[in-house]
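To start, the structure under review is shown below, and the notes come after it.
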């Protein structure tokens with residue numbers, strides 16, 4: 001749940017909710033990190049937090065009971081949607097069939113993994129690496145020229161630049177998927193709205209690096225980490 005949705009549910013301004021989240025994050029109370037979203041109307045990037053259930057409830061714990069109830073109701077609504085899509089057997093025969101289907105699916109996955117064991121192991125190692133890194137460092141990890149990686153990311157709609165700007169921006173679906181993130185490097189007032197507008201850099205997450213390694217098929221960079 002984003003701080004923007006919390007602001008909408010509670011009737012508070014997003015600036016105030018964002019201030020509360022930053023205060024808790026600074027004290028180490030929130031585990032979630034600040035990120036950016038692209039405003040659909042003006043194309044500008046603004047800060048927000050994407051919170052799991054624990055952090056969302058911690059954030060609103062200081063709000064009054066009515067506002068807390070709205071957030072809890074929203075979480076229950078989201079959970080109900082997930083449960084509605086789960087396959088639950090209604091009798092013993094269905095349970096056996098479901099178990100058999102799962103066993104067959106697991107076997108197919110194991111066979112596929114066995115065929116691609118070296119590649120899978122390399123990607124798993126890469127996915128478990130340290131924190132997010134800049135695109136240039138990601139190119140080094142993948143043993144690619146930075147210009148080639150930037151070009152691929154732009155062509156495949158991972159990143160883009162607004163006209164007249166030299167700063168790269170990550171597409172929101174890539175951020176939501178955990179492949180890319182924005183590192184906020186500063187804040188300055190938006191001349192139109194007066195709200196804080198963020199200056200930021202695009203970072204590649206470990207998950208994103210693993211996905212790029214898979215898509216770009218660069219086994220040398222994966223199987224020989226000592227060269228990175």
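The values are calculated or read from the model by the stated rules, or taken from the named source; none is laboratory data. It should be emphasised that the depicted structure is a prediction, and the values quoted were computed from it without experimental measurement. Note: ideal-geometry Cβ built from the backbone for every residue, glycine included; neighbour counts use all protein chains shown.
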Exactly one of 33, 48 is within 18 Å of the chain's Cα centre (by Cα), surrounded by fewer than 17 Cβ atoms within 10 Å (Cβ to Cβ) and not assigned by TED's automatic domain parsing to the domain that holds residue 168, and that one is 33
Per the list (1) surrounded by 13 or more Cβ atoms within 10 Å (Cβ to Cβ); (2) modelled with pLDDT of 90 or more, residue check on residue 1 breaks on (2)
Exception for residue 48 within (1) on the phi > 0 side of the Ramachandran plot; (2) in contact with a strand residue (DSSP E or B) (Cβ under 6 Å, 6 or more places away or on another chain) falls at (1)
Contact list, first residue from the stretch 26-44 and free of Cβ contacts under 8 Å to residues at least 60 places away in the same chain, second anywhere and part of a loop (DSSP other than H, G, I, E, B) and surrounded by 11 or more Cβ atoms within 10 Å (Cβ to Cβ), beta-carbon distance below 8 Å, six or more apart or interchain, is 30/51; 31/52; 32/51; 32/52
